[in-house]
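Contents: one structure, followed by commentary.
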Amino acid sequence: EAEVAQSPRYKITEKSQAVAFWCDPISGHATLYWYRQILGQGPELLVQFQDESVVDDSQLPKDRFSAERLKGVDSTLKIQPAELGDSAMYLCASTLRGGFKTEAFFGQGTRLTVV
Amino acid sequence: EDQVTQSPEALRLQEGESSSLNCSYTVSGLRGLFWYRQDPGKGPEFLFTLYSAGEEKEKERLKATLTKKESFLHITAPKPEDSATYLCAVQGGVYSGGGADGLTFGKGTHLIIQP
């Protein structure tokens, strides 16, 4: 069964260090999303890609976060420098093509702990 | 700004005891309302999408319904394996062919089914 792949599953990093997460969407899915989920809360959208282009990054803290999807397939989300408040689950999701009547499928996420 | 409120925050039921979870929403033009199941430490698993008031969908012991202001997730004769957090999300706005369409999630209802 096709699924969204994310790595690593768990990451512990020290404050002020750089950290990166990787996502490989379901094959053929043109739209890719990164969400952040703080414990006890629902996921919040960070950035949306359509193919290799950013469609929405209005909620991405651009002073420390960056995201890229160079060839329109897999994607990387980076944090530099990491802060204690960045501890959360980072989720990647994909859809066949963003827009009307499509559901997003999520990966298992990367649990980040900043110490 | 789209908003989603889920209630109750937590619900404990005995096996076989039916109940309903509520999702109230405000959105500028509903394109879709989504229900996801999330197990601890894992990514959300897609359950249903509802598009218009009056629509209903069923899957095993779960049934989702939609009105113009809220959605219900009815659980009939639940089993311990139905224990999870259930997330509701909305997709709003006017479809513009590949534009921003990230989901706005509620905080979820943590459901525990006791044997």
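The values are calculated or read from the model by the stated rules, or taken from the named source; none is laboratory data. Just so you know, these numbers come straight off a predicted model, no measurement behind them. Here the Cβ is made from the backbone with ideal geometry for all residues, glycine too, and neighbour counts use every protein chain on show. Quick note on the areas: whole protein, heavy atoms, side chains included, nothing else; ligands and nucleic acids left out. Shrake-Rupley method; radii C 1.70, N 1.55, O 1.52, S 1.80 Å.
I'd like the FRET efficiency for B:LEU13 and A:GLN80, computed as 1/(1 + (r/R0)^6) with the beta carbon distance as r and R0 of 45 Å, rounded to 0.05. List each step's numbers first, then the result.
Details: r = 45 Å, r/R0 = 1.00.
FRET efficiency, B:LEU13 to A:GLN80: 0.50.
Over chain B, consider all pairs of different Cα atoms and compute the Kirkwood hydrodynamic radius from their mean reciprocal separation; express it in Å, one decimal. Please list the in-between numbers first.
Values: mean 1/r = 0.0695 Å⁻¹.
After inverting the mean inverse Cα-Cα distance, the result is 14.4 Å.
At q = 0.15, 0.18, 0.30 Å⁻¹, work out log10 I(q)/I(0) for segment B:1-64 with the Debye formula, treating every Cα as an identical point scatterer and leaving solvent out; two decimals please.
-0.59, -0.86, -1.46
Average partner chain C-beta neighbours within 10 Å, per residue of A:105-113? Please list the in-between numbers first.
Working: counts 4, 7, 3, 4, 5, 1, 1, 0, 0.
The per-residue average across the peptide is 3.
For chain A, evaluate the Debye formula with one uniform point scatterer on each Cα (no solvent term) and list log10 I(q)/I(0) at q = 0.14, 0.21, 0.23 Å⁻¹, rounded to two decimals.
The Debye formula, applied to the Cα set alone, gives -0.52, -1.15, -1.36.
Can you give the accessible area of B:GLU17, probe radius 1.4 Å, in Å² rounded to 10?
It works out to around 80 Å².
Just reorder A:TRP22, B:TRP35 by solvent-accessible area, largest first, 1.4 Å probe, all chains present.
Values: A:TRP22 85, B:TRP35 0 Å².
The ranking, largest first, comes out as A:TRP22, B:TRP35.
As an exercise, take the mean of 1/r over every pair of distinct alpha carbons in the protein assembly as shown, invert it, and state the Kirkwood radius in angstroms.
Averaging 1/r across every pair of different Cα atoms and inverting gives 18.1 Å.
What is the distance in Å between the Cα centroid of segment B:18-56 and that of segment A:34-76?
If we compute the Cα centre of each part, the gap is 22 Å.
Go through A:THR76, A:THR13 and list them by solvent-accessible area, largest first, probe radius 1.4 Å. List each step's numbers first, then the result.
Details: A:THR76 35, A:THR13 15 Å².
Heavy-atom accessible area, descending, gives A:THR76, A:THR13.
Between A:VAL47 and residues 5 or more places away or on another chain, which pairs have amide H atoms under 5 Å apart, with H built 1.01 Å from N, and which residues are they?
Here the answer is A:TRP34, since their amide H atoms fall under 5 Å of that of A:VAL47.
With +1 on the Cβ of every Lys and Arg and -1 on the Cβ of every Asp and Glu, and nothing else charged, how large is the dipole of the protein assembly as shown about its Cα centre, in debye rounded to the nearest 20? Spell out each step's value before the answer.
Numbers: 24 positive and 30 negative charges, 27 e Å.
With only Lys, Arg, Asp and Glu charged at Cβ, the dipole is about 120 debye.
Shielding of B:102-112 by partners, i.e. mean partner chain Cβ atoms within 10 Å per residue?
On the way: counts 17, 9, 4, 7, 2, 3, 5, 0, 1, 0, 0.
Mean shielding by partner chains, rounded to a whole number: 4.
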